[in-house]
Amino acid sequence: MMKKVQRFGGAMMAPVLLFAFTGIVVGLASVFTNTQVVGKIAEEGTVWYNFWYVISEGGWTVFRQMPLLFAIGLPISLATKTNARACLETFALYTTFNYFVAAILKVFYGLDTEKLVEQGVTGYARIGGVSTLDTSLFGGILIAALVVYLHNKYFDKKLPDFLGVFQGSVFVYIVGFVVMLPCAFLTVLIWPKVQMGIGAMQGFMKASGVFGVWIYTFLERILIPTGLHHFVYTPFVFGPAAVPDGIQVYWVQHIKEFAQSTQPLKSLFPQGGFALHGNSKIFGAPGIALAMYATAKSDKKKAVAALLIPIVFTAVVSGITEPLEFTFLFIAPALFAVHAFLAATMAATMYTFGVVGNMGGGLLDFLFLNWIPMFKNHSGTVIAQIVIGLIFTAIYFFVFRFLIQKMDLKTPGREDEDEEMKLYTKADYRAKHGEGGAASGSSNDQYMDQAIIILEALGGKENIEELNNCATRLRVSVKDETKLAKDAAFKAGGAHGVVRKGTAIQVIIGLTVPQVRERIENLIK
């Protein structure tokens, strides 16, 4: 069951990754259309303003179609066969579901959803061009999960020859069409009550203050090894747990208003405290890395620096911290607990000093969505955040250095001896499996090189039962865990670490994991 939950959480990363770029685009457009930042050239109606207005409208795409993107994105990772067709089926059935909901509201309740959406009535939204109940990303996720289930169950269903035209995706859609009707009726009956509960939760979160921020940030960090952290931040950042439509959308919608106001940001948007977890990526990661470097053996410092610099750069710039965190997580779990504690304490401290915003990502998000737009009228808050962050960088360094030395932890550069490893090549793979060059890909394909090494370390293609990935991890179910190679073999393929739990294996690769997974799938086929 836990494996399925982790897989579901990892699947949500496919649409989430789109927000990194579009958030920066919208943030830049907001800066360049702010007269307080760039002057009269940004006044409405100028060529400059019109240009950036067009750019921002393009950037708004993923924010305005967020439920649809989650619905289409989940089958990429959840479907066990023909993922592209599963995405098509999900789009068609999710749109059908929304049309059913709109029709039920019109026929049985006399509600004109088109007019309600145009009037901006809370609880209604236009999703993929359909004016319907605003089920937020939850509706898209639930319908996608249901359609993927139907796809996995019925896509290969063999029909009589004279009905062959209705096989595959058509049959899935037929079954789904029938299933969507009761789902729509239940949604109309139940969802308004759910919306009332969400409203109450928003009020509670707003009133929870510093303690609520600490608990939220602690859970978001401590659950990373399990993959369940997606279920902590997604309802806040992309869902309605703190504000309607989520902190990400709400912040971007009001960024110019907040930037031009002289009121404290915390009074303008107190819910923004639930998106400060990115500070541990900007300020915590360098402190952790420096502690590892400082405690490494003198003859290994150069190798440790070569390992840590790229993964710290990735953590700071893009906000992806898993390669760094997994570097020490399974060597010393206590350090990860300390990391979660310090991250939560840093966020709570910043919130106490009035820091709020949309800060779940890396440095680019901080610059273009927070610091640059807000600096003119909220420079004190920005400076306070940076000062507090640098203080915590020092705290991270001294605490981690002390614990590594005190507990004699075998972090990178402190190993007793090098572990012998086998570095597989394409030639090894071809010789073993009797396959030609086409099966191994281009000689210049670095992802194929990684895939070959990692596949062999997993015990070969015969040992693979299920293969998936999240943002940075390759998730694998193997048939026999005794066939797995030592961690050093995986690291020879560019992996940052390996998580082993019986036959459930996670290989920490980084942001190139989708490309590596694709090559492994090709090798298996």
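Each reported figure results from applying straightforward, stated rules to the coordinates on display, with no laboratory input. Treat the numbers as computed from the prediction; the structure is a model and nothing was measured. Cβ sites come from the backbone with ideal geometry, for glycine too, and all protein chains shown count toward neighbours.
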Over the chain: helical MRE at 222 nm, DSSP H runs n ≥ 4 each giving -39500 (n - 2.57), nearest 500
-20000 deg cm²/dmol
Please report, in debye to the nearest 20, how large the charge dipole of the chain is about its Cα centre when each Lys and Arg carries +1 at its beta carbon and each Asp and Glu carries -1 there.
500
List the aspartates and glutamates whose Cα sits under 18 Å from the Cα of K297, skipping any in the same chain fewer than 8 residues away.
D408, E415, D416, E417, D418, E419
T22: net charge of surrounding residues, Cβ under 12 Å, Lys/Arg +1, Asp/Glu -1, itself excluded?
-1
Listed values (1) 54; (2) 45; (3) 37, entry calculated as percent of Cα pairs over 34 Å apart
(2)
Theoretical gain in end-to-end length, Q405 to E118 [0.36 nm per residue, Cα-Cα removed]
97.1 nm
Note down the nm distance, to one decimal, between modelled labels 7 Å out along Cα→Cβ at E518 and at K206.
4.5
Once both label points are put 7 Å beyond Cα along the C-beta direction, the V338-T503 separation in nm becomes 3.8
Within the chain, what's the longest run with no GluC sites (Glu not before Pro) in a DSSP loop and at most 15 other beta-carbon atoms within 10 Å? Give the range, please.
45-414
Taking a cut-off of 20 Å between Cα atoms, list the lysines near K266, but don't count ones fewer than 8 places away on the same chain.
K206, K256, K376
Please compute the length gained on full extension between E44 and A303, using 0.36 nm multiplied by the number of residues separating them and subtracting their Cα-Cα distance.
87.8 nm
Links exceeding 20 Å between C-alpha atoms in this model, out of K157/K525; K406/K491; K81/K157, come to K157/K525; K406/K491
Where in the range 139-216 are there trypsin sites (Lys or Arg not before Pro) that are in a DSSP coil and have at most 10 other Cβ atoms within 10 angstrom of their Cβ?
K158
Within 10 Å, count the other beta carbons around each residue, average over each peptide in 97-107, 295-305, and list them highest first.
97-107, 295-305
Please work out the C-alpha center-to-center distance from the range 125-165 to the range 33-60 and express it in whole Å.
40
